[in-house]
Amino acid sequence: MGSRFFSLATFLFLLVVSGQFSGAVANDVESDDDDSPKLPGCSNKFQLVKVQNWVNGTKETTYVGLSARFGLILPKEASETQKHFAILANPSNCCSNSSTKLENSVVLAKRGDCAFTTKAEIAQSGGASGLLIINDDEELYKMVCSENDTSINVTIPVVMIPKSAGEKLTKSLSNGAKVEILLYSPYRPIVDFSAVFLWIMAVGTIVCASLWAEWVACEQVDEQYNQLTRKHDGANTGSYTRQDPEKEILEINVKGAIVFLIAASAFLLLLFYFMSSWFVWLLIVLFCIGGAEGIHVCLVTVLSRVCKECGQKTVNLPFFGEVLLLSAIVFPFCGAFAVLWAVFQHASFAWIGQDILGICLMITVLQMARLPNIRVASALLCCAFIYDIFWVFISPLIFHESVMIAVARGDSAGGEAIPMLLKIPRFFDPWGGYDMIGFGDIIFPGLLVAFSYRYDRTNQKGIRNGYFLWLTIGYAFGLFLTYIALFLMDGQGQPALLYLVPCTLGLVVILGWLRGELYDLWNYGRSQREIVPGGEI
């Protein structure tokens, strides 16, 4: 707990794993597809559909489907439509007239063997009130028309559902159960307030971490102190003395920035090819350890500020030696909090614990790791900028899918998700889901914002003629641009650093150049380092 090795390992772990902005993740509404032909009767926009179902009168899990380019446009409210009994197509692919009566029923048919429009026309001719096409995997495929479809007159709703949903409905019908289906497509608001709350959390974390040492810990700008660390004995006086605070400061250099790019890419590929539930659980355990340490450091700092006497009493513990009594009391509760989150991580309220663990961990990391100047900041942020763009946008050309997004989704992780991100539910969205931001999209710009605050304080700069306020505004604006991009790209995952790096690093370079201080910012601290030798990464 609190060892310099652990802090370094936690920092590297965060940088390598947490570089993806996931955006609005859940059932994002598809809007359109310019590649497929639009013909009369085949020009609908794709919409997500809620597939409510009842088995023998008992309401079951609501599934999510995707409407076709053709067919009836579904209503926005459940009250505007009605239930219909479901029936299996016979033959199951619905490519020829069914031997069973389809009248006033929602037909379930398997994908394949004929065109989607053919299946819809056959179901409609049999008197069906709707058609559910069961896909052969979990993805929702866009059902479009071909150029040979010259006359399309489908007046029933046609919806594709995932393989797992189709298998459950098929099993119930095969067992003789009565299954009722209700289809509707609720409206998704353009802006959900959860995005605003997430924006506040991200900006607030960076501001809090930048001001923490001076305004919360009441230390000098360049001081850092880890509360639960083996203490040195006084000069045979038995008195308590703080360890040299700067031994816990880790200064990043250009070499470390380049190593990060290589290590992060290698680790991402490892996750892409070998991700499994046990691998994700290993990351969850590491996150819990780091999060517990982060909460511990933050709590002890705050409590020591409130009660100064509590921050002076020490106790001898095996292996750790003399530590703060407050630390020894607080840490078990922090560990228990992290364990409880891991146990209940799939609960609806688990996002609260994850955000608390993550914010405290990031504040602690941003106290420990520091950028010495803009030269190193440029190397680190440019590497992260290239890393984010390559693995989100360029990797599909090589690996046939976006490596970063595939890892973020955790398709092969057995339902387990990587926890290194802040997330908040979409409270006012009928489709649910979460807005998320990866730790890396806070830590990387946060290192630069924290440097700007230390630079301003050291050079006695005010709010207006300093850099801290403008970089904070730049980060907030960059995150806003990311949300704009998410909206314009229909919720497709975006590399947030594509927008955050120009709005932070670009801003400080422009301001420094205009003020004639760019040379000092670029070479700041190189002539007289205060970091203990061996304290660089």
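Throughout, read-outs are computed from the coordinates displayed, never taken from laboratory work. Predicted model only: the values in this text are computed from it and were never measured. Neighbour counts run over all protein chains shown; Cβ positions are idealised from the backbone, glycine included.
In terms of the mean number of neighbouring beta-carbon atoms within 10 Å, the peptides 461-468, 475-482 order highest first as 475-482, 461-468.
Note on the range 434-454 and the range 183-215: Cα centroid distance 13 Å, given to the nearest whole angstrom. Sorting 360-370, 192-202, 335-345 by their mean Cβ neighbour count within 10 Å, with the most densely packed peptide first, gives 360-370, 192-202, 335-345. In a DSSP loop and with at most 16 other Cβ atoms within 10 Å, the GluC sites (Glu not before Pro) in the range 271-341 are GLU309. Working from label points 7 Å from Cα in the Cα-to-Cβ sense, the VAL191 to THR62 distance is 2.5 nm.
Principal axis extents of the Cα atoms in the range 336-449, from largest to smallest and rounded to whole angstrom, are 44, 39, 27. Using θ = phi - 60° in the Karplus curve 6.51 cos²θ - 1.76 cosθ + 1.60, the 3J(HN,Hα) couplings for the range 296-307 round to 4, 4, 5, 5, 5, 4, 5, 5, 5, 5, 6, 10 Hz; x is entered for Gly and Pro. Just grab the label-to-label distance for LEU269 and ILE386, each label 7 Å out from Cα along the Cβ direction, in nm (one decimal). For the pair LEU269/ILE386, the computed spacing is 1.5 nm. When peptides 417-423, 74-80, 153-159 are sorted by average Cβ neighbour count within 10 Å, with the highest value leading, the order is 417-423, 153-159, 74-80. Which of the lysines could be linked to LYS313 by a straight reach, that is with a Cα gap under 29 Å, when you skip same-chain ones fewer than 8 residues away? In chain and number order, the partners are LYS231, LYS247.
Once the Cβ-Cβ distance between HIS346 and LYS101 is put in as r, and R0 is 51 Å, what FRET efficiency do you end up with, to the nearest 0.05? About 0.75, to the nearest 0.05.
With both labels modelled 7 Å from their Cα along Cα-to-Cβ, the ASP520 to PHE319 distance reads 4.8 nm. Couplings for the range 107-121, taken from phi via the Karplus curve 6.51 cos²θ - 1.76 cosθ + 1.60 with θ = phi - 60°, read 8, 9, 9, 7, 6, x, 6, 7, 5, 4, 5, 5, 4, 5, 5 Hz in order; Gly and Pro are left as x. Backbone phi angles across the range 172-183, fed through the Karplus curve with coefficients 6.51, -1.76 and 1.60 (θ = phi - 60°), yield HN-Hα couplings of 5, 5, 5, 7, x, 6, 8, 10, 10, 10, 10, 10 Hz in residue order; Gly and Pro are listed as x.
Computed FRET efficiency, Cβ-Cβ of CYS114 and THR458, R0 56 Å: what is it to the nearest 0.05? Efficiency, rounded to the nearest 0.05: 0.15. Determine, from the Cβ-Cβ distance of VAL259 and ILE484 and an R0 of 51 Å, the FRET efficiency 1/(1 + (r/R0)^6), rounded to the nearest 0.05. The calculated FRET efficiency here is 0.95.
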